[in-house]
Amino acid sequence: MTERRWLQGVLSQIPNAISVGRIILVVPTAWCLWIGQYVDALVLMAIAGASDAVDGWLARRFDWGSRFGAAIDPLADKFLVSVLFLVFAIQGQLPIWAVAVVVGRDVVIMAGALSYRLLFRRIEFHPTLISKANTAMQISIVLLILLGLCEFPAISDLAMDIAQPYGVWLLASLGVVSGLDYVITWTRKAIQHGKLEA
């Protein structure tokens, strides 16, 4: 029975290990993008996307979810997207203001979450619908630009036309709206928590 529990405990860490692996994957993906190996970067992005789907499925299917996993999974996605956005900005593939919106939103949310945790209590991670839409849009922009840079016949030109300027403006709009949604929601919770303790 003890060995079975130990094995179950080890297996339950698989989703977390996959999420950590996705964070490690950021380095070679960003490097391939930096040196212009766009097809390789696209393949690594596809692997990262598949790993995101797999770790989520494993956590739900076998009840292998954990607080660490709930925190590290979205952070892995944000880290990958933010680093690639910064590389795109340096290369001139994305306007700096759009990248500032994306990165600035995440910084504000993380700072707010840390402040709430220090002042009040532990935070339960439950992304809102608008936040999920924002993350999906971020990943879509990265993939569209990568497809555009790969110079595939017909597909690449279409992908780049969609990404800029329409995708960039939608990305920025979702970033602002979802950021404000988080700020307003957690400000209300902080006020309510303060009233309960008063």
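The values are calculated or read from the model by the stated rules, or taken from the named source; none is laboratory data. Keep in mind it's a predicted model, so treat the numbers as computed, not measured. As a convention, Cβ positions derive from the backbone with ideal geometry for all residues, glycine included, and neighbour counts pool all protein chains shown.
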* **Number of the condition not met by ASP161 [criteria: (1) acidic (Asp, Glu); (2) under 30 Å from ASN16 (Cα atoms); (3) surrounded by fewer than 15 Cβ atoms within 10 Å (Cβ to Cβ)]** => (2)
* Does VAL54 satisfy the criteria of being among the β-branched types (Val, Ile, Thr), more than 25 Å from THR128 (Cβ to Cβ) and either surrounded by 13 or more Cβ atoms within 10 Å (Cβ to Cβ) or in contact with a strand residue (DSSP E or B) (Cβ under 8 Å, 6 or more places away or on another chain) (or both)? -> no
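Taking the condition aliphatic (A, V, I, L, M), out of contact with any helix residue (DSSP H, G or I) (no Cβ under 8 Å at 6 or more places or on another chain) and touching a residue at least 12 places away in the same chain (Cβ under 8 Å), does ILE24 pass? Steps first, please.
On the way: aliphatic (A, V, I, L, M): yes; out of contact with any helix residue (DSSP H, G or I) (no Cβ under 8 Å at 6 or more places or on another chain): yes; touching a residue at least 12 places away in the same chain (Cβ under 8 Å): no.
In short, no.
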* **Qualifying helices (runs of 4 or more DSSP H) (wholly inside segment 1-43; at least 3 residues being loosely packed, with under 12 Cβ neighbours inside 10 Å and out of contact with any Asp or Glu (no Cβ under 9 Å at 6 or more places or on another chain))** => 2-11
* **Unmet requirement for ALA70, which otherwise passes all of (1) touching a Phe, Trp or Tyr at 6+ places or on another chain (Cβ under 6 Å); (2) at pLDDT 85 or above** => (2)
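Looking at TYR116, TYR166 in this structure, which one is aromatic (Phe, Trp, Tyr) and touching a Phe, Trp or Tyr at 6+ places or on another chain (Cβ under 8 Å)?
When all the criteria are applied, what remains is TYR116.
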* Asked: With respect to ASP73, is the statement that it is of a type in the set (Asp, Glu) and under 17 Å from LEU146 (Cα atoms) true?
  -> no
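Looking at ILE155, ILE191, can you tell me which residue is of a type in the set (Val, Ile, Thr) and modelled with pLDDT of 85 or more? Can you show your working first?
Working: ILE191 fails: modelled with pLDDT of 85 or more.
Only one candidate qualifies: ILE155.
Tell me, please, whether a residue that is more than 13 Å from LEU171 (Cα to Cα) and at pLDDT 85 or above can be found in segment 110-128. Break it down into steps so the answer makes sense when it comes.
As a first pass, look at segment 110-128 and keep what is more than 13 Å from LEU171 (Cα to Cα): 110-128.
Next, only the ones that are at pLDDT 85 or above stay: none.
No; the residues of segment 110-128 include none that is more than 13 Å from LEU171 (Cα to Cα) and at pLDDT 85 or above.
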* In segment 64-103, how many residues are assigned to a helix (DSSP H, G or I) and either basic (Lys, Arg) or touching a residue at least 60 places away in the same chain (Cβ under 8 Å) (or both)? -> 9
